[in-house]
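For reference, the structure is listed below as structure tokens.
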Amino acid sequence: MTATVSVQPNVAASPARYVLRKLPLVTALFWALKIIAVTLGETASDQFAIELKIGYATCAIIFFVFFAIVALLQLRAKRFHPGLFWTVIFSTSIVGTSISDLMDRGIGHSSTVTRNGIGYGPGAIILTSILVVIFLVWWRTGQTYDVEKIATRKGETLYWIAILVSNTLGTASGDWLAHGTGLGFRNAFFVISAIMLLLLAAHYLTSINSMVLFWVAFVLTRPLSAAAGDSITKPVSEGGLGLGTLWGSVMLVGVLTALIAYQTWHIRRHPLDLLPAPTHRITGQPQQPNGQVVLAYGPHPGQIVRTPEAAPRPQRQHPG
């Protein structure tokens with residue numbers, strides 16, 4: 001990726017090191033895609049584990065391998081690819097659903113808690129504890145919590161681990177809210193929607209840390225999507241649209257594909273700004289970048305001069 005720019009008198013005499021973004025900005029489109037992707041994860045997991053009777057344990061293994069493959073591809077990518085990114089988000093949802101159902105309901109393919117399961121409440125408590133530990137480890141590594149400014153390999157790895165656990169926790173907490181409290185999926189949807197509106201108001205009207213609000217909302221979009229998925233797949237007699245898990249998943253694939261195509265088109269017209277070369281939050285030492293390193297006069301992609309690899313190499317001097 002190369003470009004040339006005319007250096008203005010008021011800019012630095014030499015370009016600085018920047019990194020191409022690997023993760024999207026948190027916008028309304030981000031949340032729409034996230035909700036649809038994890039709703040698809042919910043309906044697809046139910047289709048395989050329950051409808052096809054493959055079982056939670058087998059699905060958890062298969063889907064975890066799928067997650068590991070696409071996550072590795074994402075980590076090795078040099079820049080943000082919407083299709084790949086949202087495939088990883090979907091994979092965290094489908095494997096998270098299987099793992100949560102395996103913990104809470106037990107081995108098999110029952111749609112309710114069995115004697116082999118620990119139940120929705122204990123499952124949510126365990127997963128919450130795991131997520132807290134992940135954030136503590138994240139903090140001690142010196143990586144930024146700001147998900148829009150992650151530019152290191154270690155930071156992105158922690159990001160994906162947190163997302164996997166968050167979506168698994170979202171499944172358990174959503175099942176507890178819908179079934180453990182007796183609200184049902186429709187009332188649970190309204191309760192979570194109200195909480196999401198409060199989080200949105202807190203973002204604009206209070207000084208609460210934006211990343212705290214982000215991760216709370218990220219967890220809650222999972223049970224929100226589960227309630228939405230139930231409203232699509234459940235029979236009309238139970239308040240749903242009656243599409244079933246198969247056709248509900250097909251519909252969601254179509255919507256998700258259309259939105260990913262739109263995001264891809266939009267980014268081509270309005271490329272994401274560059275991130276400064278990463279440094280340790282505490283020591284200030286340089287960190288391994290997670291994307292392509294470029295030399296630029298500023299954060300706008302149009303200010304890229306060249307990649308460091310494209311810099312001319314010094315001529316080797318030969319004797320005589």
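Below, the figures for the structure above:
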quantity	calculated
Förster radius 41 Å - calculated FRET efficiency between Arg269 and Phe66 (Cβ-Cβ, nearest 0.05)	0.85
GNM result for the chain, Cα springs below 10 Å: residue of Thr283, Thr58, Thr92 fluctuating most strongly	Thr283
Alpha-carbon centroid distance for the pair segment 34-78 / segment 166-200, whole angstrom	21
Computed [θ] at 222 nm, deg cm²/dmol, the chain (DSSP H ≥ 4; -39,500 (n - 2.57); rounded to nearest 500)	-19500 deg cm²/dmol
Residue among Gly254, Gly123, Gly155 with the largest mean-square fluctuation in a Gaussian network model of the chain, springs linking Cα atoms under 10 Å	Gly254
Share of carbon and sulfur in the accessible heavy-atom surface of the chain [1.4 Å probe, %]	65
Two-site label geometry, Ile208 and Arg186: point separation in nm, points 7 Å out along Cα→Cβ	2.9
Extension gain (nm, one decimal) between Leu25 and Gln288, 0.36 nm per residue minus Cα-Cα	92.6 nm
Gaussian network model of the chain, Cα within-10 Å springs - most flexible of Ala68, Ala172, Ala37	Ala68
Given 12 as the ceiling on other Cβ atoms within 10 Å, longest exposed-site-free region of the chain for trypsin sites (Lys or Arg not before Pro) in DSSP loops	116-315
Karplus-derived 3J(HN,Hα), 6.51/-1.76/1.60, for each residue of segment 18-28, Hz, glycine and proline x	10, 10, 5, 5, 10, 10, x, 6, 8, 10, 4
Listed candidates [x] 23.4; [y] 21.6; [z] 36.9 - label of the one calculated as mean projected area of the Cα convex hull in nm²	[y]
Accessible-area order (highest first, 1.4 angstrom probe) of the listed residues Trp86, Trp265	Trp265, Trp86
Paramagnetic reach from Ala258 (point 7 Å along Cα→Cβ, amide N under 14 Å) across segment 22-38	33, 36
Probe 1.4 Å, protein heavy atoms only - accessible area per residue of the chain in square angstrom	51
Cα gyration tensor shape of segment 162-264, rounded if a/c is under 1.5, else prolate or oblate by comparing a/b with b/c	oblate
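The values are calculated or read from the model by the stated rules, or taken from the named source; none is laboratory data. Model, not experiment: these values are computed from the prediction. FYI the Cβ positions are ideal-geometry reconstructions off the backbone, even for glycines, and counts take in every protein chain you see. All accessible areas refer to the heavy atoms of the entire protein, side chains included, with ligands and DNA or RNA removed. Shrake-Rupley method; radii C 1.70, N 1.55, O 1.52, S 1.80 Å.
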